[in-house]
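Here the structure is laid out as structure tokens; the discussion comes afterwards.
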Amino acid sequence: MTQHVIVTDGKVTSWFAGDQGLNGQVNIIEIEDDDPMWLAWVSSLEPDSLAEAVAQRDKLLSLAALRIAPLQYAADLDDASADDLALLKKWKKYSVAVNRMDLNKDPVLWPEQP
């Protein structure tokens, strides 16, 4: 099947396969799989593993903060049970461990939540 791309300002902006009435179309070219312009566009679509890891870390830290807050309030008000204090400590340790993860490893092996 023939691949075509739409090129704007020297960059690929869209892709489609097959012949779809291309006669007279401006900025549409047939392209090969090894064309540098095509490869640059395809690689831009691949997920950035570091950005994904940062997003996951931030999500996990937000969750930990939501779990820590009420337990910390209870502790601050001298209203926390021994179980509350133990769970608070586990969530804080978890939060620190998540924050210290090496995000450049692929895959990142996140610690288990309390």
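The values are calculated or read from the model by the stated rules, or taken from the named source; none is laboratory data. A quick note: this is a predicted structure, and the numbers were derived from the prediction, not measured. Neighbour counts are summed over all protein chains in view; Cβ atoms, including those assigned to glycine, are modelled from backbone coordinates with ideal geometry. We work out accessible area using only protein heavy atoms, side chains counted, and drop any ligands, DNA or RNA first. Shrake-Rupley method; radii C 1.70, N 1.55, O 1.52, S 1.80 Å.
Taking only protein heavy atoms and a 1.4 Å probe, the accessible area of the range 49-114 is 54% carbon and sulfur. Measure off 7 Å from each Cα along the Cα-to-Cβ vector at residue 72 and residue 96, then give the distance between these two points in nanometres to one decimal. That separation, rounded to one decimal, is 1.4 nm. Residue 108 sits among other residues whose Cβ lies under 15 Å from its own Cβ, and their net charge, with Lys and Arg +1 and Asp and Glu -1, is -2. Label-to-label distance, residue 40 versus residue 86, with points set 7 angstrom from Cα along the beta-carbon direction: 6.0 nm.
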